[in-house]
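See below for the structure under consideration.
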Amino acid sequence: MNNKPNKEELERNLKPAQAYIDSLADFANLLGTIKQAEEAAKELMEETAAQQSKKGSQSSEDKKDEKSLTSTHCSDNGEGESFNHGDLSEETNAKSAHDDNALPTLEEMIEKLDELVGLEVIKQSVKSLINYVKIRKLRDEKELPNPPLSLHMVFLGNPGTGKTTVARILSEIYRAIGVLSKGQLIEVDRSGLVAGFVGQTAIKTSDAIKSALGGILFIDEAYSLAPDIGNGNDFGREAIETLLKMMEDHRDDLIVIVAGYTEPMERFIRSNPGLESRFNRYFLFEDYNSDELFEIFGSMCAKSEYILTEDATEFAKEHFRYIYDTRDENFGNARHVRNFFENIVSAHSDRVSHIEQHSREDLTTVLQEDLEKAALM
């Protein structure tokens, strides 16, 4: 029997082997493709690295040229003096930016105090207080004893006499000489301290005081907190007790200024032994006289570029003389000046609005009739 496979059987048996060989060939081709891809990627990376290196070298040259340019002297100011922009280092620029946002200095705040109209006694009292605090600090440095210091103050006087303005300047002054850490001024009145429910006033007062830590808490019409004065009630008593405790707890970084009419404030301080012991500095803000009122008025006009005619100027002076001579306990001082000025602006606007072609002179000139109308408003 012949067991030799025929051609058809051989081809049939070899087919799986051929498929295997074909698969190996395909795999080899795939490896070749991968290798080619790797070589292409390597070439691309090398080319990219070369370009970046070239670009970096060019950038360095540009910066070098730029530095060379900024280091050269610019044109002078006409007298042969030059300015070197290369001297403006990053540190100098940072310092310059800081200086632009710098807090006001002691000298600047004293200058601002001196610019206020009138208040000569107040100005001198503030300067004496500054000197007192400065000497205390020097004595501390020399390890010399100092008597107890209380900078809490009572501001007495009618409305509009500059009490809040002086308090704001004081807050900056005390920050500048190191008495206060922040120097902010927090303004409140009775409504900012007293709540309508039992137990809530202490919380409300505490919150107001906490916001003032590092600065000054300014309490206007403080006499209204006392139970038997003004519109005060027992909730006001709770506010006072909370105030006194926190003044003691934060005596090193809190100043409290209470302000209001003279007689009610004196009764307010005497109403509580704690108030008398803590508030021992009194500043009396006297009413502005007629000349000072006119000076305040003039500054308002100048700031808004309103120019009074000669007869309007005389009318204004006479108006303030009359207002001052007939004043009562409710005299508004600078508040009256502000109201009068705003009425003048309104009267001027009514008159000028009927002019068809407005010139600059029309828009800035104030006539006597504008003041006469304003005085009746």
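What to note about this one:
- Residue match in the range 315-330 (condition: on the phi < 0 side of the Ramachandran plot, under 33 Å from the mean Cα position of the chain (by Cα) and modelled with pLDDT of 95 or more): no
- Count of residues meeting criterion [among the β-branched types (Val, Ile, Thr) and over 21 Å from residue 286 (Cα atoms)] in the range 158-192: 5
- Residues that are surrounded by fewer than 17 Cβ atoms within 10 Å (Cβ to Cβ) and more than 28 Å from the chain's Cα centre (by Cα) do occur in the range 300-308, at least one of them.
- Any hit, the range 223-239, residues being in contact with a strand residue (DSSP E or B) (Cβ under 6 Å, 6 or more places away or on another chain), modelled with pLDDT of 90 or more and assigned by TED's automatic domain parsing to the domain that holds residue 170: yes
- For residue 295, the conditions (1) in the same structural domain as residue 335 (by TED's automatic domain parsing); (2) buried (at least 17 other Cβ atoms within 10 Å of the Cβ); (3) out of contact with any helix residue (DSSP H, G or I) (no Cβ under 8 Å at 6 or more places or on another chain) are fulfilled apart from (2).
- Only one of the numbered conditions (1) surrounded by 17 or more Cβ atoms within 10 Å (Cβ to Cβ); (2) over 23 Å from residue 349 (Cα atoms); (3) over 33 Å from the mean Cα position of the chain (by Cα); (4) not small (Gly, Ala, Ser) is not met by residue 273, and that is (1).
- Enumeration of residues in the range 271-283 that are touching a helix residue (DSSP H, G or I) at 6+ places or on another chain (Cβ under 7 Å), in contact (Cβ under 8 Å) with a residue 12 or more places away in the chain and not basic (Lys, Arg): 272, 274, 275, 279, 283
- Residue 325 satisfies every condition listed in (1) loosely packed, with under 15 Cβ neighbours inside 10 Å; (2) within 30 Å of residue 237 (Cβ to Cβ) except (2).
- The residue that is nearest to residue 164 (Cα to Cα), among those in the range 304-345 that are in contact with a helix residue (DSSP H, G or I) (Cβ under 7 Å, 6 or more places away or on another chain) and among the hydroxyl-bearing types (Ser, Thr, Tyr), is 324.
- Residue match in the range 327-345 (condition: over 30 Å from residue 262 (Cβ atoms) and of a type outside the set (A, V, I, L, M, F, W, C)): no
- Per the listing 350, 362, the residue uniquely outside the structural domain of residue 164 (by TED's automatic domain parsing), over 30 Å from residue 262 (Cβ atoms) and loosely packed, with under 12 Cβ neighbours inside 10 Å is 350.
- Inside the range 109-120, residues that are exposed (fewer than 14 other Cβ atoms within 10 Å of the Cβ) and either among the basic types (Lys, Arg) or within 22 Å of residue 182 (Cα to Cα) (or both) make up a count of 1.
- Within the set 340, 315, 331, 320, the sole residue that is surrounded by 16 or more Cβ atoms within 10 Å (Cβ to Cβ) and outside any helix (DSSP H, G or I) turns out to be 331.
- Among the residues of the range 184-200, the ones that are part of a strand (DSSP E or B) and either among the charged types (D, E, K, R) or at positive phi (or both) come to 1 in all.
- For residue 171, the test of being in contact (Cβ under 8 Å) with a residue 40 or more places away in the chain, of a type in the set (Gly, Ala, Ser), surrounded by 21 or more Cβ atoms within 10 Å (Cβ to Cβ) and in the same structural domain as residue 274 (by TED's automatic domain parsing) is passed.
- Exactly one residue out of 127, 123, 95 is modelled with pLDDT under 90 and either of a type outside the set (S, T, N, Q) or over 27 Å from residue 182 (Cβ atoms) (or both): that is 95.
The values are calculated or read from the model by the stated rules, or taken from the named source; none is laboratory data. Predicted, not measured: the structure shown is a model, and the values here were computed from it. We place every Cβ from the backbone using ideal geometry, glycine too, and count neighbours over all the protein chains shown.
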